[in-house]
Amino acid sequence: MAQDKFYCIILKGGERHPYFPRPLLNEFDFQIPLHFAATAPKKRRRNDEDQDMDGMDEDEQEAGTEITRLEHSYALTNLLHSLASDLMAATTSTAAQRAALGAKALEADKLLLQLLAAECVEGEERGMKALEIVGLMKDESGRMMEAAAKVASRFGREVLRTRIEELAERRVVGLDVDRDE
């Protein structure tokens with residue numbers, strides 16, 4: 001593995017070792033599957049509305065796939081951040097490595113903001129998940145928490161906005177014991 005890519009040599013037949021001259025490396029994007037969808041649900045008509053077998057219309061399915069895409073992206077980004085952090089802790093880090101680590105943390109927080117917005121669109125009943133998403137943010141300056149409060153406010157989730165602000169205050173003061181860093 002290097003950066004966001006997975007490299008391998010594909011051996012054909014019963015071969016166990018690469019032959020001479022060595023074949024070229026195959027390059028794949030690194031992905032982490034979170035769940036497997038067997039097949040797309042079959043459509044049926046009910047009350048002149050397209051719905052699948054679970055009762056979700058097309059807009060709900062599209063929102064669900066967007067949330068799933070964001071969750072996948074966050075899981076991969078967070079894993080890469082964790083690996084880079086472990087590497088820096090075990091070795092002497094360079095300025096480029098520290099900058100890349102900061103960029104990965106910022107990318108993860110941006111994905112969490114997008115995920116928060118998607119959860120706010122889903123409705124009030126998803127408030128606890130939205131608050132947990134905000135708790136995953138790595139930014140210590142408080143700017144991402146402010147942005148999260150603005151996102152909640154934009155979607156009319158005032159209770160969520162208040163809780164985010166309380167969480168931000170606890171984090172600034174150092175009382176946030178839920179974080180395991």
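When peptides 102-109, 148-155 are sorted by average Cβ neighbour count within 10 Å, with the highest value leading, the order is 148-155, 102-109. Relative contact order, whole percent, for the stretch 85-166 stands at 27, derived from Cα pairs under 8 Å and 6 or more residues apart.
Compared with the alpha-carbon gap, the fully stretched path from Arg22 to Arg143 is longer by 38.6 nm at 0.36 nm per residue. On full extension, the segment bounded by Ala99 and Ala2 gains 33.2 nm, given 0.36 nm per residue less the C-alpha separation.
Alpha carbon centre of the stretch 146-176 versus the stretch 3-17: separation in Å? After rounding, the separation between the Cα centres reads 47 Å.
Any read-out appearing in this document is the output of simple, stated calculations on the displayed coordinates, not a laboratory observation. Keep in mind that this is a model prediction, so the values were computed, not measured. Note that each Cβ is placed from the backbone with ideal geometry, even for glycine, and that neighbours are counted across all protein chains shown.
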